[in-house]
Amino acid sequence: QVRLVESGGGEVQAGGSLRLSCAASGSIFSTDAMDWYRQAPGKQRELVARIYSSGRTTYADSVKGRFTISSDNAKKTVYLQMNRLTSQDSDVYYCKFRLLRSRGSSYQDYWGQGTPVTVSS
């Protein structure tokens with residue numbers, strides 16, 4: 001069984017910062033990519049940032065220069081440092097891992113439960 005547990009969400013004033021984390025547990029052979037998504041009520045889920053096993057990262061234009069994704073392979077954890085937050089960043093944030101459970105298997109996606117972020121003006 002693979003489970004992703006998120007933490008670090010909460011309320012912050014505009015211009016402030018938060019750091020989200022997502023830790024995986026269970027049997028994992030290797031990880032191809034770790035992602036952060038966000039979704040507000042009535043809106044489509046948006047890919048915020050992605051980090052590949054090579055270390056390469058990508059960001060949505062809306063967060064580029066403000067957010068930083070990083071990972072710790074030993075801890076099976078992905079982080080999202082969010083700076084200069086605005087009310088437009090008020091969403092539920094979800095992590096997603098694309099990983100192999102065992103050698104010879106196929107890649108599968110696993111999602112965290114979501115952690116809310118509220119930015120107050």
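The values are calculated or read from the model by the stated rules, or taken from the named source; none is laboratory data. These numbers were taken from a predicted model, which means no experiment stands behind them. Quick reminder, even Gly has a Cβ in these numbers, built from the backbone with ideal geometry, and neighbours come from all protein chains shown. Side chains are part of the model used for accessible areas, which takes the heavy atoms of the whole protein and leaves out ligands, DNA and RNA. Shrake-Rupley method; radii C 1.70, N 1.55, O 1.52, S 1.80 Å.
Looking only at strands (runs of 3 or more DSSP E) that fall completely inside the stretch 3-46, which ones have 2 or more residues that are more than 22 Å from ASN83 (Cα to Cα)?
3-7, 18-25, 30-39
Got a number for residues in the stretch 91-121 being open to solvent by 50 Å² or more (accessible area, probe 1.4 Å) and of a type in the set (S, T, N, Q)?
Summing the residues that are open to solvent by 50 Å² or more (accessible area, probe 1.4 Å) and of a type in the set (S, T, N, Q) in the stretch 91-121 gives 6.
Out of all the residues in the stretch 11-31, is one or more farther than 15 Å from ARG98 by Cα, modelled with pLDDT of 95 or more and of a type in the set (Ser, Thr, Tyr)?
Yes: one or more hits.
Working only within the stretch 63-90, note down all residues that are assigned to a loop (DSSP other than H, G, I, E, B) and open to solvent by less than 60 Å² (accessible area, probe 1.4 Å).
VAL63, ARG66, ASN83, LEU85, THR86, SER90
Could you tell me whether any residue of the stretch 101-111 is more than 19 Å from SER25 (Cβ to Cβ) and among the hydrophobic types (A, V, I, L, M, F, W, C)?
There is no residue in the stretch 101-111 that is more than 19 Å from SER25 (Cβ to Cβ) and among the hydrophobic types (A, V, I, L, M, F, W, C).
Of (1) closer than 30 Å to SER27 by Cβ; (2) modelled with pLDDT of 95 or more; (3) among the acidic types (Asp, Glu), ASP72 satisfies all except one. Which?
Only one criterion is unmet by ASP72, namely (2).
Quick check, is SER87 under 19 Å from VAL119 (Cα atoms) and at pLDDT 95 or above?
Yes; evaluated as a whole, the condition is true for this residue.
In the stretch 1-58, which residue that is surrounded by fewer than 18 Cβ atoms within 10 Å (Cβ to Cβ) and among the basic types (Lys, Arg) is nearest to THR118 (Cα to Cα)?
Step by step, filter the stretch 1-58, then rank; the result is ARG19.
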